[in-house]
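The values are calculated or read from the model by the stated rules, or taken from the named source; none is laboratory data. Model, not experiment: these values are computed from the prediction. Note: ideal-geometry Cβ built from the backbone for every residue, glycine included; neighbour counts use all protein chains shown. Quick note on the areas: whole protein, heavy atoms, side chains included, nothing else; ligands and nucleic acids left out. Shrake-Rupley method; radii C 1.70, N 1.55, O 1.52, S 1.80 Å.
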Amino acid sequence: MEFEKLNEALTFIRSFYKEQPKVGIILGTGLGALVEEVEISLTISYQDIPHFPLSTVESHAGKLIFGKLSGQNVIVMQGRFHYYEGYSMQQIVFPVRVLKMLGIEYLFVSNAAGALNPDYKLSELMILEDHINLLPQNPLVGKNINELGIRFPDMFEPYSNKLIDLAQEIINQNDDIKFHKGVYVSVSGSNLETRAEYRYLRTIGADAVGMSTVPEVIAAVHMNLPVFAVSVLTDLCQPNNVKPITLEEVLKAAAKAEPKMAFLFKKMIEKL
Ligand code: HPA
């Protein structure tokens, strides 16, 4: 049973980690540098945790990092799991479920995404206000895990307004950071989209497109865990302005935006 597996992972981690964590953080592709600012007290490789999936993408390191950031206890997932890697939805959301069972009160997520909104520029950031799930599966399909949440969680506020307001407060005090607020659409990948698909995604109401985040957010909402998520815009997918892109370019654009994202996360976490 899934809940028993989660409990085994929890028990294993609890044998090393005795703190009360406040925030769980999932760092996206090319966005791992925030870890360097964590006062690390403990690191556990995914491969050592019972039932944890293993990272396959080279740009993802694959460990849980425990420590303090801005004076708060945080657990950072360095490396996340994507649907395109072949993981099941249950595997993709397994870590975030364990983090909630460890006691996190907030989930912070970052990802690399393509910009569909024509007003967005490379290496700018978008705070997620809402999403559209175009992944072919959903982590809540199957027997409901009643210990975690209800069968039909509503998606009225998938991204916490309280956390978005807090972000806005910080942005208002620092005019050098520009953040958009918008809608993220998740697709399976692993190919990037065709121009016709970008046009379609823009038409249905999305501002940015990526291959992650939504499964974890759905699992978090199911567990009543408030989420704050940011997309780093690593390529332009505006139908009239699309160029071929490489992973190197995505990582370069992510690295350029990373300090702004890290600054926002740190300032917000300080105020929680
Ligand atoms: N499409 C999908 N996922 C992405 C993109 C994109 O253009 N850029 C970064 N992740």
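Points to keep in mind about this one:
- Number of the exception - Ala196 against (1) in contact with a Gly (Cβ under 6 Å, 6 or more places away or on another chain); (2) without any contact (Cβ under 8 Å) to a residue 12 or more places away in the chain: (1)
- Filtered by the rule that a residue be within 13 Å of the ligand (Cβ to nearest atom) and of a type in the set (Asp, Glu), region 205-239 gives Asp207, Asp235.
- Check on Leu107, of a type in the set (A, V, I, L, M, F, W, C), open to solvent by less than 20 Å² (accessible area, probe 1.4 Å) and over 23 Å from Thr11 (Cα atoms): no
- Number of residues in region 2-26 that are under 28 Å from Ser231 (Cβ atoms) and open to solvent by 50 Å² or more (accessible area, probe 1.4 Å): the value is 0.
- Against the list (1) among the small types (Gly, Ala, Ser); (2) open to solvent by 10 Å² or more (accessible area, probe 1.4 Å); (3) assigned to a loop (DSSP other than H, G, I, E, B); (4) at pLDDT below 95, the condition Ala112 fails is (3).
- Residues that are more than 11 Å from the ligand (Cβ to nearest atom), open to solvent by less than 70 Å² (accessible area, probe 1.4 Å) and out of contact with any strand residue (DSSP E or B) (no Cβ under 6 Å at 6 or more places or on another chain) within region 170-204 comprise Ile170, Asn174, Ile177, Ala196, Ile204, listed in sequence order.
- Residue that is most open to solvent (accessible area, probe 1.4 Å), among those in region 205-225 that are part of a loop (DSSP other than H, G, I, E, B) and closer than 17 Å to Pro158 by Cβ: Asn224
- Failed item, numbered, when Pro95 is tested on (1) closer than 13 Å to Glu216 by Cα; (2) open to solvent by 10 Å² or more (accessible area, probe 1.4 Å): (2)
- Pair list, Cβ < 8 Å and 6+ apart or interchain, from region 149-175 residues that are among the charged types (D, E, K, R) to residues that are open to solvent by less than 60 Å² (accessible area, probe 1.4 Å) and modelled with pLDDT of 95 or more: Arg151/Asn144; Lys162/Pro226
- Boolean, Leu125 is away from the ligand (no atom under 16 Å from the Cβ), under 23 Å from Val35 (Cβ atoms) and surrounded by 15 or more Cβ atoms within 10 Å (Cβ to Cβ): no
- Qualifying position, being open to solvent by less than 60 Å² (accessible area, probe 1.4 Å), over 19 Å from Lys121 (Cα atoms) and assigned to a strand (DSSP E or B), among Phe228, Phe265: Phe228
- Lone qualifier among Leu54, Leu42 - being open to solvent by 10 Å² or more (accessible area, probe 1.4 Å) and not in a loop (DSSP other than H, G, I, E, B): Leu42
- Hey, Lys252 away from the ligand (no atom under 13 Å from the Cβ), of a type outside the set (A, V, I, L, M) and surrounded by fewer than 23 Cβ atoms within 10 Å (Cβ to Cβ) or not: no
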